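Data first, discussion second: the structure below is written as structure tokens.
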Amino acid sequence: MWADNFARFGPQIVGRTMFDYGYPNWGENPPFHAPVFVLTHRGQERIEKSGGTSYTFVTGGIKAAVDQARAVSDGKDVLLAGGVSIAQQALAAGLVDEVVLHVAPVLVGRGVPLFAGARVDLRCTEAIPGEGAVHLRYDVR
């Protein structure tokens, strides 16, 4: 399910926490194979990796990160890959066209409400039950 959905994405946006936790494990040829824009308060030089992955550190906010990702998207969709704060900021700024959730019945950490405080009008366009998860797709109106 994830592989089918993932093929339509080009650049990705992640938060600094996701980057800090994932970077040591992603290795020299990370799984992204596309530009990754890291939304952060602590800028640093761009990092180039094998397989087409690069990490650009954006300190100008979510709109700046989305604008930079769209500029290099080559017609592909931009993926807001994580975490919850990135999704909340993008939703609040009106920068999201679609929300795709892969819901598994496991709570990791303390649990952060994805839509807390957001005024978002969602319309479910797809619900697919799977082994161990439910896959949901929503249009943002």
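Values quoted throughout were computed directly from the atomic coordinates according to the rules given, and no laboratory measurement underlies them. Every value quoted in this text rests on a predicted model; they were computed, and no experiment measured them. Reconstructed Cβ throughout: ideal geometry from the backbone, glycine too, with neighbour counts over all protein chains shown.
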Inset, instruction - Specify which labelled value, from (i) 39, 35, 31; (ii) 54, 46, 22; (iii) 40, 38, 28, agrees with Cα extents along the principal axes in Å derived from the coordinates of the model shown. - result: (i)
Inset, instruction - Please report, in cubic angstrom per residue, the volume enclosed by the convex hull of the alpha-carbon atoms of segment 1-43. - result: 90
Legend entry - Net charge over other residues, Cβ less than 13 angstrom from the Cβ of Arg123 (K, R count +1; D, E count -1): -3
Legend entry - Nearest-0.05 FRET efficiency for Arg42 and Asp97, computed from C-beta distance (R0 22 Å): 0.15
Legend entry - Residue with peak Gaussian network fluctuation, the chain [Cα springs, cutoff 10 Å], from Val106, Val72, Val84: Val106
Inset, instruction - Grab the other residues whose beta carbon is less than 14 angstrom from that of Val38, score K and R as +1, D and E as -1, and report the net. - result: +1
Legend entry - Backbone N under 13 Å from the Glu126 label point (7 Å along Cα→Cβ), restricted to segment 86-111: 98-102
Legend entry - Furthest towards positive pole of dipole, Ala34, Gly111, Val72, structure part the chain, Cβ charges: Gly111
Legend entry - Computed magnitude of the charge dipole of segment 2-140 (debye, nearest 20; Cβ of K, R +1, Cβ of D, E -1): 380
Legend entry - Of Glu45, Glu28, Glu131, the one that fluctuates the most in a GNM where the chain has Cα springs shorter than 10 Å: Glu131
Legend entry - Label zone at Ser73 (point 7 Å along Cα-to-Cβ), backbone N below 14 Å, segment 1-22: 8-13
